[in-house]
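Reviewing the structure listed below.
The values are calculated or read from the model by the stated rules, or taken from the named source; none is laboratory data. Source: prediction; values computed, not measured. Heads up, the Cβs are rebuilt from the backbone with ideal geometry, glycines too, and the neighbour counts pull from every protein chain shown.
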Amino acid sequence: MSEKDHLIIFDTTLRDGEQSPGASMTKDEKVRIAKALEKLRVDVIEAGFP
C-alpha cells in the first residue's frame with residue numbers, strides 16, 4: 001500500500017468526550033477505552049491537554 005493510500009485514524013474520544021456537559025469518565029473507563037482503541041489499531045489517541 002502506498003503512503004497516499006494509507007488512512008490515518010486520529011481519535012479524540014478521551015479528550016473531547018469529556019467536554020460535553022455532564023460527561024465524565026473514570027480513570028478505569030479511560031484506560032478501557034484507550035486499550036480498545038489500541039486493539040482497533042487507531043493511529044493516534046489524543047488523551048488530554050498538556
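Numbers at a glance
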| read-out | value |
| --- | --- |
| Tally of residues being exposed (fewer than 12 other Cβ atoms within 10 Å of the Cβ), part of a loop (DSSP other than H, G, I, E, B) and within 15 Å of the chain's Cα centre (by Cα) across the stretch 1-23 | 2 |
| Residues of the stretch 24-39 that turn out to be surrounded by 10 or more Cβ atoms within 10 Å (Cβ to Cβ) and in a loop (DSSP other than H, G, I, E, B), as a count | 1 |
| Condition check for Gly48: within 13 Å of the chain's Cα centre (by Cα), exposed (fewer than 10 other Cβ atoms within 10 Å of the Cβ) and either in a helix (DSSP H, G or I) or at pLDDT below 90 (or both) | yes |
